[in-house]
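Report on the structure given below.
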Amino acid sequence: MKQLWIFPLVVLAGMGLSVEAGLLGPLGEEIGHFWATLGIFAIGSLLLTLGLIFSRPKLSLMFKQPRWQLTGGILGPIYVVALTVAIPHIGVGLTMVGILFGQVATSLIIDHWGLLGSHKRAVDKYRIGALVAILAALWLIQ
């Protein structure tokens, strides 16, 4: 497998999401869930803007893509608001395992049918077993 370097990257990204969730719960309780979400996205937007300053402009290419691909921008704020609401009530662990279950279940559907421009990857007994294991973790961690 020539892309082995990707696995530590996604594990680190997942670790970052848990840290972000841990920060968002208390922040949302203090300043409000929507203000916390706005704050997180504002800081992220500033960092991305700095990154774009040093990259080759591709804005014209973005607007040549199918419009439905840009609807993913709607899902980020929904995810962050869900984190800020859930964390104070059920904790970071249960929230993140619940999110993981939803991500894996939906990902299996997307992969199996090759939806949203992804390559088809058949759902087999091992992938279903992994989903069941996550469901068991969700039940055990509560």
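Quick one: count up the residues across the stretch 12-40 that are open to solvent by less than 80 Å² (accessible area, probe 1.4 Å), free of Cβ contacts under 8 Å to residues at least 40 places away in the same chain and either assigned to a loop (DSSP other than H, G, I, E, B) or farther than 18 Å from Gly93 by Cβ (or both).
Matching residues across the stretch 12-40 total 2.
Listed by first and then second residue, the pairs linking a residue in the stretch 66-86 that is more than 21 Å from Gly117 (Cβ to Cβ) to a residue that is aromatic (Phe, Trp, Tyr) and in a helix (DSSP H, G or I), with Cβ atoms under 8 Å apart and 6 or more places separating them unless they lie on different chains, are Pro77/Phe41; Val80/Phe41; Val81/Phe34.
Select, from Ile87, Ile43, Ile53, the only residue that is surrounded by 10 or more Cβ atoms within 10 Å (Cβ to Cβ), more than 29 Å from Trp139 (Cα to Cα) and more than 15 Å from the chain's Cα centre (by Cα). It is Ile43. Checking the structure you have, find out if any residue of the stretch 56-65 is of a type in the set (Gly, Ala, Ser), open to solvent by less than 90 Å² (accessible area, probe 1.4 Å), more than 25 Å from Gln103 (Cα to Cα) and modelled with pLDDT under 85. Yes; the residues of the stretch 56-65 include at least one that is of a type in the set (Gly, Ala, Ser), open to solvent by less than 90 Å² (accessible area, probe 1.4 Å), more than 25 Å from Gln103 (Cα to Cα) and modelled with pLDDT under 85.
Evaluated against (1) in a helix (DSSP H, G or I); (2) surrounded by fewer than 10 Cβ atoms within 10 Å (Cβ to Cβ), Leu4 falls short on exactly one condition, (1).
Residues that are part of a helix (DSSP H, G or I) and closer than 18 Å to Leu17 by Cα: does the stretch 50-59 have at least one? Among the residues of the stretch 50-59, not one is part of a helix (DSSP H, G or I) and closer than 18 Å to Leu17 by Cα, which makes the answer no.
The values are calculated or read from the model by the stated rules, or taken from the named source; none is laboratory data. Remember, it's a predicted structure, so these values are computed and weren't measured experimentally. Cβ sites come from the backbone with ideal geometry, for glycine too, and all protein chains shown count toward neighbours. Ligands, DNA and RNA are stripped out before the accessible areas are found, and what is left, the full protein with its side chains, is counted by its heavy atoms. Shrake-Rupley method; radii C 1.70, N 1.55, O 1.52, S 1.80 Å.
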